[in-house]
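The structure appears right after this line, and notes come after that.
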Amino acid sequence: MRQRYANLVRIRTLDPELDWLDIYQTMLRLEFPWDMKLGLNLAFNRSFSIPSIAAVHTASGELTERTQKRIDDTGLLMYEMVLNGFDQPRGRDALRQVNRIHRPYDIPNEEYLFVLGCLVIIPTRWLQRYGWRQPCCHERRATFLFYRELGQRMGITDIPGSYEEFETWFDAYDAVHLTPNDDAAAIERATRSLLLGRIPRPLAPLGDGLVSAMYDDRLRRATRVAAPAWPVRAGLHLALKVRARLQCWLGAPQRTPLFSDGIKTRTYPGGYEINKLGPQTDEASEPPRS
């Protein structure tokens with residue numbers, strides 16, 4: 001058990017105000033790799049479901065017609081920034097590409113804040129509920145500081161001052177703006193395969209119900225997804241709790257960091273160039289929305 005908590009012991013010796021990137025990298029690559037990847041998938045899923053954001057994505061066709069490429073491009077840009085930070089060449093190039101992709105669109109600051117909040121809050125809440133251990137205060141603070149840095153470098157303003165303040169703002173915004181809309185439903189149908197791919201093979205026949213059970217009621221309403229039968233919801237909850245307990249008591253620390261052999265995707269089996277991720281030049285130069 002002492003080995004199981006070795007990373008947590010090390011994290012508690014660090015200063016999240018200075019070492020937030022190291023802490024966040026450890027969370028993703030060593031402590032919670034499966035849960036963090038799933039949590040980030042759920043975060044992007046939610047961020048795409050606000051009516052105004054969903055409308056932009058369905059109009060461009062990026063998520064409904066080029067789904068796998070869009071998913072892979074988003075993941076690659078995010079993971080390049082996590083793996084390399086914002087000041088190393090690859091992380092800097094990824095951030096530059098993110099800003100280039102968003103530049104043509106007149107996106108309100110609050111919508112940027114909501115997407116940032118999804119990335120901070122949704123994975124953390126997943127860990128709090130289903131992680132093999134609870135994220136500690138250093139990890140919550142480091143998560144917030146990583147995305148605050150990302151937000152500031154994207155020109156986002158009025159970012160709340162702490163994880164707790166951001167959580168309060170996020171819940172209030174989510175309650176008002178995450179409403180039923182056809183664009184979000186279309187995106188959910190197109191992107192569902194991403195979460196289906198995370199279902200263990202023996203449970204594949206129950207895949208659609210299990211994916212729906214990962215959503216909360218508000219997200220299901222926004223994306224017009226029917227609530228699965230209660231045995232499916234209860235079964236998923238129980239299975240994830242049992243998994244967490246087994247990981248805690250029987251699991252061993254992950255010794256090989258996630259992505260140590262590179263980031264593999266379906267779209268780019270032979271590798272990729274960061275400055276070519278995202279929409280092509282003609283797509284990226286669409287006129288801004290009003």
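Observations
- When +1 charges are put on Lys and Arg Cβ atoms and -1 charges on Asp and Glu Cβ atoms, the dipole computed for segment 1-126 relative to its Cα centre reaches about 380 debye.
- Quarter of Cα convex hull surface for segment 1-152, i.e. mean projection, nm²: 9.4 nm²
- Note on the chain: percent of Cα-Cα distances in each 5 Å bin, starting at 0 and stopping at the bin with the largest distance, equals 1, 5, 11, 16, 19, 18, 15, 9, 4, 1, 0, 0.
- GluC sites (Glu not before Pro) within segment 1-96: DSSP coil, no more than 13 neighbouring Cβ in 10 Å: 65
- 3J(HN,Hα) from dihedral phi, segment 251-264, Karplus parametrisation 6.51/-1.76/1.60, rounded to Hz, x for glycine, proline: x, 10, x, 6, 8, 9, x, 4, 6, 5, 9, x, 9, 9
- Calculated FRET efficiency for the pair residue 3/residue 176, C-beta based, R₀ 30 Å, to 0.05: 0.05
- In the context of the full set of protein chains, residues of segment 1-107 present 41 Å² of accessible surface per residue (probe radius 1.4 Å, heavy atoms only).
- Dividing the mean sequence gap of close Cα pairs (under 8 Å, 6+ apart) by how many residues the chain holds gives a relative contact order of 32 percent.
- Total formal charge among the other residues, if their Cβ is under 12 angstrom from that of residue 11, Lys/Arg +1 and Asp/Glu -1: 0
- Sulfur and carbon atoms: percent of accessible area, segment 170-244 [1.4 Å]: 61 percent
- Accessible surface ranking that places the most exposed of 105, 130 first, with a 1.4 angstrom probe: 105, 130
- Cα-based shape type of segment 186-272, given that a ≥ b ≥ c are square roots of the gyration tensor eigenvalues and the cut on a/c is 1.5: oblate
- Helical mean residue ellipticity (222 nm; -39500 (n - 2.57) per DSSP H run of 4+; nearest 500) of the chain: -20000 deg cm²/dmol
- Two-site FRET efficiency, residue 193 against residue 59, from Cβ-Cβ distance with R₀ of 30 Å, rounded to 0.05: 0.90
The values are calculated or read from the model by the stated rules, or taken from the named source; none is laboratory data. Just so it is clear, the structure is predicted and the values come from calculations on it, not from any experiment. All Cβ positions, even for glycine, are placed from backbone atoms using ideal geometry, and neighbour counts span all protein chains on display. Ligands, DNA and RNA are stripped out before the accessible areas are found, and what is left, the full protein with its side chains, is counted by its heavy atoms. Shrake-Rupley method; radii C 1.70, N 1.55, O 1.52, S 1.80 Å.
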